[in-house]
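First, the structure itself, so that you have it in front of you.
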Amino acid sequence: MSYWLDTTKPFASGAPGGPHGTTDVAVVGAGFTGLSAALALAKKGAKVVVLEADRVAGAASGRNGGMCNNGFAQDYAGMVGKLGRERANMLYRAFDAGVDKVESIIAAEGIDCHFARVGKLKLAAKPEHYDRIVRSQELLAREVDPETRLVPRSDMRGEIGSDHYFGGMLYEKGANMHMGEFGQGLAEAAARHGVLIHEYNPVIGMKRLAGQAHELKTPQGTVRASQVLLATGTSAVGPLGWFRRRIVPIGAFLIATEPLPVDLLDRLTPHRRNTTDTRNFVSYFRTSPDNRIIFGGRARFSGRSDAASDAKSGVILRQSMVSVFPELADARIDYCWGGMVDMTRDRLPRAGERDGLFYSMGYSGHGTHMATYMGAIMAEVLDGRADLNPWRDFDWPAIPGHFGKPWFLPFVGAYYRYQDLVK
């Protein structure tokens with residue numbers, strides 16, 4: 001069980017039964033993308049139905065690491081080299097806008113989810129990694145984000161109670177919050193504005209009608225929608241084969257300690273930053289509102305998340321946590337869970353329209369803020385403002401040899417483990 005879902009009251013305003021009749025927009029998926037889009041569309045006066053295969057925010061939105069960070073997961077200098085300075089900066093500003101959008105929705109809808117701008121700390125796992133961070137930060141501060149600064153190894157004790165890393169970079173705009181409370185609050189806000197949210201109604205059939213209209217079928221009913229937005233991420237349910245060939249579902253795993261003494265947390269993470277490192281088998285951690293350390297990472301390259309897989313990963317994560325924080329060797333682990341990250345080949349999201357279906361997905365670890373932001377953006381796209389979509393000019397070819405089940409993940413994991421050893 002995810003800590004976020006276990007410590008949140010369940011959504012109480014769901015629509016009974018299944019969908020029926022007609023609607024302006026049907027949104028498939030009640031994660032952050034779908035709920036943000038539904039809320040924005042309802043505020044525009046649209047009649048909106050949300051169809052969710054499970055519970056509200058029950059998949060990636062409620063099973064992640066709890067971070068709402070600006071900036072790329074990739075090296076900024078590398079992104080400039082790949083995309084060009086103008087395009088890289090446009091995307092970087094969109095990521096900034098995502099954090100701002102989360103904050104503005106929380107304020108406008110009165111969502112109590114412990115949102116705080118704590119900053120993100122990116123830590124060098126090796127000395128040569130810090131050299132790359134220095135070069136990237138100089139370019140980043142000059143071009144697009146002056147609210148970053150270097151933390152040399154000599155100053156690390158002011159940021160983290162560990163000698164495990166070799167310096168880092170602080171992104172001042174990063175934030176965190178309680179993911180479960182945000183998801184439920186977003187759903188309640190959408191319901192207050194008239195959105196009908198049908199939980200446990202997976203889409204099992206979809207038929208195109210005239211123009212962009214579709215008929216969507218669930219086990220409990222059928223609805224006709226003038227427009228459809230797919231906000232499904234790595235969903236294995238429904239007729240979504242074209243999208244599955246372009247997304248690789250990769251397991252991400254987390255553990256949460258027992259509540260810890262405040263004086264211990266003051267030593268380990270004095271500013272309560274969101275923290276991540278530079279390895280391919282990345283580790284990341286933050287504190288929870290009730291004083292736990294939530295420690296996560298790509299402990300194993302796995303295409304599934306179930307009890308057995310989560311348990312194996314939990315053992316690895318505990319070892320990693322103790323290597324960073326030896327003082328936690330005796331800390332009890334209260335939660336261990338996994339979730340699926342919808343990874344694209346270039347680790348950037350995709351959004352647009354295909355065969356009359358609108359979509360936004362493939363957040364590749366940027367999900368909290370980009371999903372929320374893109375939900376609001378897609379509400380504008382459905383209203384005729386395709387120019388606002390930052391991903392409108394990105395092509396999205398299928399991944400060679402990938403037909404929905406990522407058979408190649410063990411080989412990818414072995415490659416990245418080797419890279420972590422030699423680079």
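Can you list which of the DSSP-assigned H helices in the chain have a Cα extent of 18 Å or more along the long axis and an average Kyte-Doolittle score of at least -1.0?
Values: long enough: 85-109 (36 Å, -0.24); 127-143 (25 Å, -1.16); 179-192 (20 Å, -0.04); 307-324 (25 Å, 0.51); 367-382 (21 Å, 0.84); 409-422 (20 Å, 0.23).
Qualifying helices: 85-109, 179-192, 307-324, 367-382, 409-422.
If a/c stays under 1.5 just call it rounded; otherwise compare a/b with b/c (prolate if a/b is bigger, oblate if not). Do that for segment 1-79, with a ≥ b ≥ c from the square roots of the Cα gyration tensor eigenvalues.
Working: a/c = 2.78, a/b = 1.46, b/c = 1.90.
Here segment 1-79 falls in the oblate category.
Using a 10 Å cut-off around each Cβ, can you sort SER320, SER104, SER309 from fewest to most neighbouring Cβ atoms?
Working: SER320 21, SER104 13, SER309 17.
Going from sparsest to densest Cβ surroundings: SER104, SER309, SER320.
In what sequence do SER226, SER136 fall when counting other Cβ within 10 Å, fewest first?
Values: SER226 18, SER136 21.
Placing the least packed residue first, the sequence is SER226, SER136.
In debye to the nearest 20, how big a dipole does the chain give about its Cα centre with +1 on each Lys and Arg Cβ and -1 on each Asp and Glu Cβ?
On the way: 51 positive and 45 negative charges, 217 e Å.
So the magnitude is around 1040 debye.
Could you please tell me the mean projected area of the C-alpha convex hull for segment 243-353, averaged over all directions and given in square nanometres to one decimal?
On the way: hull surface 33.2 nm².
About 8.3 nm², averaged over all directions.
While we're on this one: Could you point to the residue in GLN227, HIS20, ALA210 farthest towards the positive end of the chain's charge dipole, with +1 and -1 charges on the Cβ of Lys/Arg and Asp/Glu respectively?
Projecting each Cα onto the dipole axis, the largest value belongs to ALA210.
If you don't mind, there's one more thing I want to ask. From the C-alpha coordinates alone, can you work out the Kirkwood hydrodynamic radius of segment 22-66, in Å? Mind showing how you got there, number by number?
Numbers: mean 1/r = 0.0917 Å⁻¹.
It is 10.9 Å.
Still on this structure, please answer the following. At q = 0.16, 0.19 Å⁻¹, what is the base-10 log of I(q)/I(0) for segment 69-173 according to the Debye formula with one equal point scatterer per Cα and no solvent? Please give it to two decimals.
One equal scatterer on each Cα of segment 69-173 leads to -0.76, -0.97.
Something else now. Full-extension gain between ILE316 and ASP155, please, as 0.36 nm times their residue separation minus the C-alpha to C-alpha distance.
Answer, rounded to one decimal: 55.1 nm.
Rounded to the nearest 5, what % of DSSP beta bridges with both residues in the chain are antiparallel?
Antiparallel bridges make up about 70 percent of those DSSP assigns within the chain.
Which whole-Hz couplings ³J(HN,Hα) result when phi for each residue of segment 59-75 is put into the Karplus expression 6.51 cos²θ - 1.76 cosθ + 1.60, θ = phi - 60°, listed in order with x for Gly and Pro?
For segment 59-75, the Karplus curve yields 9, 4, 5, x, 10, 9, x, x, 10, 10, 9, 7, x, 7, 5, 7, 5 Hz.
Rank the residues ILE255, ILE293 as a footprinting-exposure proxy: fewest other Cβ atoms within 10 Å of their Cβ go first. Display every interim value, and only then the final one.
Working: ILE255 28, ILE293 24.
Ranked by crowding around the Cβ, least crowded first: ILE293, ILE255.
Under 10 Å, Cα contacts only: if you run a Gaussian network model on the chain, which one of LEU139, LEU41, LEU121 comes out with the highest mean-square fluctuation?
Judging by the Gaussian network model, the answer is LEU139.
Starting from the Kirkwood radius over alpha-carbon pairs of segment 3-413, derive D by Stokes-Einstein at 25 °C in a medium of 0.890 mPa s and give it in µm² s⁻¹. Walk me through the numbers before you get to the answer.
Working: Rh = 21.6 Å.
Here the translational diffusion coefficient equals 113 µm²/s.
While we're on this one: When the chain is treated as a GNM, springs tying every alpha-carbon pair under 10 Å, which of TRP242, TRP391, TRP337 comes out with the largest mean-square fluctuation?
Comparing TRP242, TRP391, TRP337 in the GNM, the peak value goes to TRP242.
Output the pairs from LYS44/LYS101; LYS47/LYS217; LYS44/LYS173; LYS101/LYS173 with a Cα-Cα distance over 22 Å in this structure; if there are none, say none.
Numbers: LYS44/LYS101 17 Å; LYS47/LYS217 18 Å; LYS44/LYS173 29 Å; LYS101/LYS173 13 Å.
Exceeds cut-off: LYS44/LYS173.
Values in this text are rule-based calculations from the coordinates and carry no lab data. Owing to the predicted nature of the structure, the values given are computational and were not obtained by experimental measurement. Positions of Cβ are backbone-derived with ideal geometry, glycine not excepted, and every protein chain shown enters the neighbour counts.
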